[in-house]
Amino acid sequence: MKRLAILGASGHGKVVADAALCAGWDEVCFFDDAWPRLSRNGPWSVEGAFSGMLGGCGPSFQAAVVGIGHNATRLAKMSALREAGIPLVTVVHPSAVISAHAHLGEGCMVFAGAVVNVDTRIAAGCILNTGATVDHDCCLEEGVHISPGANLAGGVTVGAGSWVGIGASVRQGVAIGRNVMVGAGAAVVSNIPDDVTVVGVPARVL
């Protein structure tokens, strides 16, 4: 019996659970600091707070993934789980298309309909949400979130902790800095520095 623990009993966590079950996990369970007030997340049980995961794997679960959308929080919780010796896994929905010549780091989540093309490198803790596309030779650093329906052309780099909003597009060869927020529907056609929010067509710094 393969049982996966998911940290974060939210709507995002439910999508992680569904993808994990489709990908071959037998069961999932949740941990969330809202426990015991929060005891269910959709059809799945919430079995404890985050501290309850840190005792290590056993009959309760064999591996874990952090199902939290906020990038900095996700990376911090992943670090704590690593220090506790808990194996982190990558969850890929079976309808996603991942090139055999792409690399996915640990703790990534790739949801239904996402595409990752050849020679793309995706670091640990990234989210490729529903229907997102990442073309050839891209590089996503740790903790990046590519939202539903967002499209990255070839050779794009995205710095650690950045978030590309729903339906946004990024032109070939563009470099997006660290901790950047790209607004929904934006068209990024030039390089973006660190620590800014960009919106619009073409995307401009707020």
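Just a few scattered comments:
- Three-way shape call for region 1-130 based on the alpha-carbon gyration tensor, with the a/c threshold at 1.5: prolate
- Extended-chain gain in nm, criterion 0.36 nm per residue less alpha-carbon gap, Ala63 and Ser99: 10.5 nm
- One chain, two ends: Arg171 and Val118. Fully extended at 0.36 nm per residue, the span grows by 17.4 nm beyond their Cα-Cα distance.
- Taking Lys and Arg as +1 and Asp and Glu as -1, the other residues whose beta-carbon sits under 9 Å from that of Cys126 total -2.
- With contacts taken as Cα pairs under 8 Å at a separation of at least 6 residues, region 19-164 carries a relative contact order of 15 percent.
- Region 1-126, dipole about Cα centre (Lys/Arg Cβ +1, Asp/Glu Cβ -1), debye to the nearest 20: 120
- Highest-MSF residue in the chain out of Ala76, Ala114, Ala96 [GNM, Cα springs under 10 Å]: Ala76
- Across region 113-206, the relative contact order, built from alpha-carbon pairs under 8 Å that are at least six residues apart, equals 18 percent.
- When the chain is treated as a GNM with alpha-carbon contacts under 10 Å, the residue of Ala184, Ala84, Ala72 showing the greatest mean-square fluctuation is Ala84.
- Here the sum of -39500 (n - 2.57) over DSSP H runs of 4 or more residues, divided by the residues of the chain, equals -4000 deg cm²/dmol at 222 nm, to the nearest 500.
- Global geometry of region 116-206, whether rounded, prolate or oblate, following the gyration tensor of its Cα atoms and the 1.5 cut on a/c: rounded
- Low-density loop positions, GluC sites (Glu not before Pro), region 89-198 - DSSP coil, at most 15 other Cβ in 10 Å: Glu106
- Candidates Val189, Val110, Val144, ranked by Gaussian network fluctuation over the chain, Cα under 10 Å, top entry: Val189
- Contact order for region 76-124, expressed relative to its length and based on alpha carbon pairs under 8 Å spaced 6+ residues apart, stands at 35 percent.
- Beta bridges per DSSP, both residues in region 1-71: antiparallel share near 15 percent.
- Hydrodynamic radius of region 18-94 per Kirkwood, over alpha carbon pairs, in Å: 13.1
- Of all DSSP beta bridges in the chain, antiparallel share, percent nearest 5: 10
- For His101, the solvent-accessible surface with a 1.4 Å probe is about 130 Å², rounded to the nearest 10.
- Considering only Leu54, Leu140, Gly67, and ranking their Cα positions along the charge dipole of the chain that arises from unit charges at the beta-carbon of Lys, Arg, Asp and Glu, the one farthest toward the positive end is Gly67.
- Summarising the label geometry, the points placed 7 Å from Cα in the beta-carbon direction at Ser51 and Cys22 lie 3.7 nm from one another.
The values are calculated or read from the model by the stated rules, or taken from the named source; none is laboratory data. The model shown is predicted, which means the values in this text are computed figures rather than measured ones. With ideal geometry, Cβ positions are generated from the backbone for all residues, glycine too; neighbour counts draw on all protein chains shown. When the accessible area is computed, the model is the full protein with side chains, heavy atoms only, and any ligands, DNA or RNA have been set aside. Shrake-Rupley method; radii C 1.70, N 1.55, O 1.52, S 1.80 Å.
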